[in-house]
1. Classify segment 79-176: rounded, prolate or oblate, from the alpha-carbon gyration tensor (a ≥ b ≥ c, eigenvalue square roots; a/c under 1.5 rounded; otherwise prolate if a/b is larger than b/c)?
2. V185's amide H: which non-local residues (gap 5+, or another chain) put their own amide H closer than 5 Å, with H modeled 1.01 Å from N in plane and none for Pro or chain starts?
3. By what distance, in whole Å, do the Cα atoms of the chain stretch along each of the three principal axes, largest value first?
4. Starting at the first residue of segment 116-126, write each ³J(HN,Hα) from the Karplus equation 6.51 cos²θ - 1.76 cosθ + 1.60 with θ = phi - 60°, in whole Hz, x for Gly and Pro.
5. Tally up the carbon and sulfur contribution to the accessible surface of the chain as a whole percent, 1.4 Å probe, everything protein left in place.
6. Which of the GluC sites (Glu not before Pro) found in segment 154-227 are in a DSSP loop and have at most 13 neighbouring Cβ atoms, other than their own, within 10 Å?
7. Specify whether the C-alpha gyration tensor of segment 1-82 places it in the rounded, prolate or oblate class, a ≥ b ≥ c being the square roots of the eigenvalues: rounded for a/c under 1.5, otherwise prolate if a/b is larger than b/c and oblate if not.
8. Per DSSP H run of at least 4 residues, take -39500 (n - 2.57); add these up for the chain, divide by its residues and hand me the 222 nm value, nearest 500 deg cm²/dmol.
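The values are calculated or read from the model by the stated rules, or taken from the named source; none is laboratory data. Worth saying up front: this structure is predicted, and the values here are computed from it rather than measured. In this analysis, Cβ positions are derived from the backbone assuming ideal geometry, glycine residues included, and neighbour counts consider all displayed protein chains. The protein model used for the area step is the full one, side chains on, heavy atoms only, and it has no ligands, DNA or RNA in it. Shrake-Rupley method; radii C 1.70, N 1.55, O 1.52, S 1.80 Å.
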Amino acid sequence: MTTQIEQPRRLFNVDEYYAMAKAGILGEDEYLELLGGRIVHRHADKPRLFNVDEYYAMAEAGILAPDERVELINGEIIKMSPIGDVHAYSVDESVYLFTTQLGERARVRSQNPVRLADNREFQPDVSILRWRQDKYLSGHPTPEDVLLLIEISDSTLDYDRNEKLAIYAESEIPEAWLVNIPERVVEVYTDPTDGVYRSVRVFGPGDAISPMAFPDISLSVDQIIPG
């Protein structure tokens with residue numbers, strides 16, 4: 001993996017810190033302190049990491065608001081960037097195109113959780129999932145459910161390419177698309193091997209892309225990224 005590209009962490013105030021202790025998220029025997037909004041291990045310069053259960057316990061305790069845009073990445077709660085007009089358009093158009101072409105062959109979701117590990121829960125812009133009769137009512141999808149993940153990237157392009165895509169490869173997500181808005185191309189990543197996507201193809205204006213799981217359908221780059 002390349003050198004980590006920093007994204008803003010979700011910081012906590014004193015009331016939230018004590019609410020975590022009250023909710024049992026932080027143990028009484030943990031040697032922790034709150035420094036600059038980050039919960040760290042006392043006498044050690046490293047953050048206190050969280051798992052998925054603790055992440056949801058924060059929401060249940062009202063520490064994380066229902067409308068907060070955050071993700072759990074490697075045990076840290078990361079703030080997601082605001083969604084701009086072009087970004088929103090590309091998300092909506094991708095969902096529309098996949099939904100109309102796939103019907104009930106797959107479940108298409110937008111900005112909903114995918115649980116990659118005990119300390120990783122992402123909210124990809126678009127997820128193409130194996131069809132399940134319960135439509136994932138019984139639980140969030142895991143890597144085994146994922147056919148394709150799509151990230152729409154503008155201001156977070158480097159982070160998405162170098163950090164998120166690396167984690168998707170480590171999680172053996174079979175295919176990931178990076179919709180590169182600044183350059184008006186779609187980067188297609190496949191063949192995850194030893195934590196790295198071995199195949200990368202780039203599609204530009206005028207090109208059409210077929211997802212690996214559904215080679216009989218295609219999406220135009222011009223439809224996904226407005227000119």
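1. Taking the square roots of the gyration eigenvalues as a ≥ b ≥ c, segment 79-176 is oblate.
2. Amide H neighbours of V185: N180.
3. Principal extents (Cα only, largest first): 57, 39, 36 Å.
4. 8, 6, 5, 10, 9, 9, 9, 10, x, 4, 9
5. Roughly 49 percent, rounded to a whole number.
6. E172, E183
7. oblate
8. -6000 deg cm²/dmol
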